[in-house]
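Take a look at the structure below.
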Amino acid sequence: MKAVILTGGKGTRLLPLTHNMPKSIVPVLNIPFLEHVFRYLATHQIRDIILAQGYLSRPIQSYFGDGEQFGVRLKYITEATPLGTAGAVKNVEGYLDEPFLVLNGDIFTDLDITAMIDSHRRNRAKVTIALTPVADPTSYGLVLTNPDNGITSFLEKPTREQAQTNMINAGIYVLEPDVLGQIPAQTSFSFERELFPLLLSRGEPCYAFPAADYWIDMGTVEKYLQLHRDLLNGQSSQFTPPVPGEIVVGERSFIHPTARVEGRVIIGGGCTIGPNVVLKEAVVGSGTEILAGAVVEESVIWWDSVVGRRVELQGSIVADRCILHDGSVVRGCVLGGGVSIAGDCRLGVGSKIWPDKTAGIEEG
Ligand code: GTP
């Protein structure tokens, strides 16, 4: 079966990380996000993948090429203007003549796609939508079903009172190719708000595939950090976390004997971790230097950054090539690529600094 992965969105909720980096290749555990998705699909024997692209398509193409190195075969189709989730799939119709899978490009899940495809076939469905439970469904699209998993209605962003179920659309679909005939060509069109309600109103067999397996949409800063926390805590079957206190470390990295590692920590290649540094529940990308006495906790650092002496970094994301000068305090912040934080500067909790900016006392 072929898969179409939607990677054309702007990823505004993940700004400033997505200012110059498409959401689908932000690193997760030091690996571009889509690489995890390709591995996952390959375990379900899905290796023919079409990437429906738009915003910032080039970096994805230049990293993955034809996909061979990653065990998949990739085709890239780029939209001139955003066509929405269903419009993007209509745009690749020429490559789809059998039932196919569609995935949002920001979902990390252990959901059993093989079982989902089997259930699609058994039900003779036109569309099967994976469902996942969430604690608070009010910001998602709810899918209501009968006891046989036949879909009865859709409810976008319900109030607490309206939410009769906590099963939401998980952003993974199996579709018959003839449903593409219902989507207007070269027009922005949505699966969630337009195509699926339309198919239901026409009496087409629409089924759900509820699953309780690990699932997260990593499209916000909070969820991106949550995904790292979950993976480090062994919530997904796709990643065996390090034993607490044991460091997973890449080649050519140097860790000073007085540095302390607490909880689960992953360090990429070519890093230097200085004396008396404390690392706790952190992911440190390749080529990063952490200088004496710095404390890095529950944070993700991409690559080639410098964390200065006595810096306190907590609950934050630091993109590539950042410099946190000595004594700066950064808690609950997101720093875009190439950001510089002045020495002894205390950034406000929740600060988001755009790429290549300098933040510090003199700049207010
Ligand atoms: P936000 O701006 O933060 O909402 O993110 P987003 O632009 O990625 O939108 P959203 O998370 O709702 O999109 C779900 C998935 O569909 C993501 O993988 C997007 O990349 C993808 N997507 C959204 N709109 C389009 C589009 O117009 N074309 C294509 N090809 N993909 C899209």
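Scanning segment 33-85 for residues that are among the charged types (D, E, K, R) and touching a Phe, Trp or Tyr at 6+ places or on another chain (Cβ under 7 Å) yields a count of 2. Number of residues in segment 25-41 that are free of Cβ contacts under 8 Å to residues at least 40 places away in the same chain, among the β-branched types (Val, Ile, Thr) and in a strand (DSSP E or B): the value is 1.
With respect to residue 4, is the statement that it is among the aliphatic types (A, V, I, L, M), within 21 Å of residue 239 (Cβ to Cβ), surrounded by 17 or more Cβ atoms within 10 Å (Cβ to Cβ) and within 15 Å of the ligand (Cβ to nearest atom) true? It is false that residue 4 is among the aliphatic types (A, V, I, L, M), within 21 Å of residue 239 (Cβ to Cβ), surrounded by 17 or more Cβ atoms within 10 Å (Cβ to Cβ) and within 15 Å of the ligand (Cβ to nearest atom).
Suppose the filter is assigned to a loop (DSSP other than H, G, I, E, B) and hydrophobic (A, V, I, L, M, F, W, C); does residue 130 pass it?
Details: assigned to a loop (DSSP other than H, G, I, E, B): no; hydrophobic (A, V, I, L, M, F, W, C): yes.
Criteria not met by residue 130.
Only residues that are within 14 Å of the chain's Cα centre (by Cα) and either modelled with pLDDT under 95 or among the aliphatic types (A, V, I, L, M) (or both) were counted across segment 27-55, and they come to 5. Quick check on segment 12-52: of everything there that is closer than 22 Å to residue 94 by Cβ and among the charged types (D, E, K, R), which residue is farthest from the ligand (Cβ to nearest atom)? Per the stated criteria, the residue is 47. One residue alone among 293, 269 is crowded, with 16+ Cβ neighbours inside 10 Å, in a loop (DSSP other than H, G, I, E, B) and not charged (D, E, K, R), and that residue is 293. For segment 60-91, a residue qualifies if it is of a type in the set (A, V, I, L, M, F, W, C), part of a loop (DSSP other than H, G, I, E, B) and surrounded by fewer than 22 Cβ atoms within 10 Å (Cβ to Cβ), and the qualifying residues are 72, 80.
The one condition from (1) within 26 Å of residue 132 (Cβ to Cβ); (2) charged (D, E, K, R); (3) more than 9 Å from the ligand (Cβ to nearest atom) that residue 93 does not meet is (1).
Looking at this structure, is residue 102 crowded, with 20+ Cβ neighbours inside 10 Å and more than 13 Å from the ligand (Cβ to nearest atom)?
Values: crowded, with 20+ Cβ neighbours inside 10 Å: yes; more than 13 Å from the ligand (Cβ to nearest atom): no.
Taking the combined requirement at face value, the residue does not satisfy it.
Report, by residue number, each residue of segment 333-358 that is in a loop (DSSP other than H, G, I, E, B) and surrounded by fewer than 17 Cβ atoms within 10 Å (Cβ to Cβ). Don't jump to the end; show me each part of the working.
Residues of segment 333-358 that are in a loop (DSSP other than H, G, I, E, B), as a first pass: 333, 336-339, 342-345, 347-351, 354-357.
Those that are in a loop (DSSP other than H, G, I, E, B) and surrounded by fewer than 17 Cβ atoms within 10 Å (Cβ to Cβ): 343, 344, 348, 349, 350, 351, 354, 356, 357.
Looking at this structure, is residue 280 away from the ligand (no atom under 16 Å from the Cβ), in contact with an Asp or Glu (Cβ under 9 Å, 6 or more places away or on another chain) and basic (Lys, Arg)? Spelling it out, residue 280 is indeed away from the ligand (no atom under 16 Å from the Cβ), in contact with an Asp or Glu (Cβ under 9 Å, 6 or more places away or on another chain) and basic (Lys, Arg). Could you list all residues from segment 311-364 that are under 16 Å from residue 19 (Cα atoms) and among the aliphatic types (A, V, I, L, M)? Listed by number, the residues that qualify are 317, 318, 319, 334, 335, 339, 353. Counted as qualifying within segment 194-259 are the strands (runs of 3 or more DSSP E) with 2 or more residues that are surrounded by fewer than 19 Cβ atoms within 10 Å (Cβ to Cβ), namely 247-249. Can you find even one residue in segment 133-152 that is within 16 Å of the ligand (Cβ to nearest atom), crowded, with 20+ Cβ neighbours inside 10 Å and under 24 Å from residue 42 (Cβ atoms)? Checked segment 133-152: no residue is within 16 Å of the ligand (Cβ to nearest atom), crowded, with 20+ Cβ neighbours inside 10 Å and under 24 Å from residue 42 (Cβ atoms).
A search for C-beta distances below 6 Å between a residue of segment 86-108 that is small (Gly, Ala, Ser) and modelled with pLDDT of 95 or more and any residue that is part of a helix (DSSP H, G or I) and crowded, with 22+ Cβ neighbours inside 10 Å, counting only pairs 6+ apart in sequence or on different chains, returns 86/191; 86/195; 105/24.
Give me the residue from segment 53-79 that is away from the ligand (no atom under 11 Å from the Cβ) and among the hydrophobic types (A, V, I, L, M, F, W, C) and, out of that set, nearest to residue 23 (Cα to Cα). Per the criteria, the residue is 64.
The values are calculated or read from the model by the stated rules, or taken from the named source; none is laboratory data. Values in this document were obtained by computation on a predicted structure and should not be read as measured data. Here the Cβ is made from the backbone with ideal geometry for all residues, glycine too, and neighbour counts use every protein chain on show.
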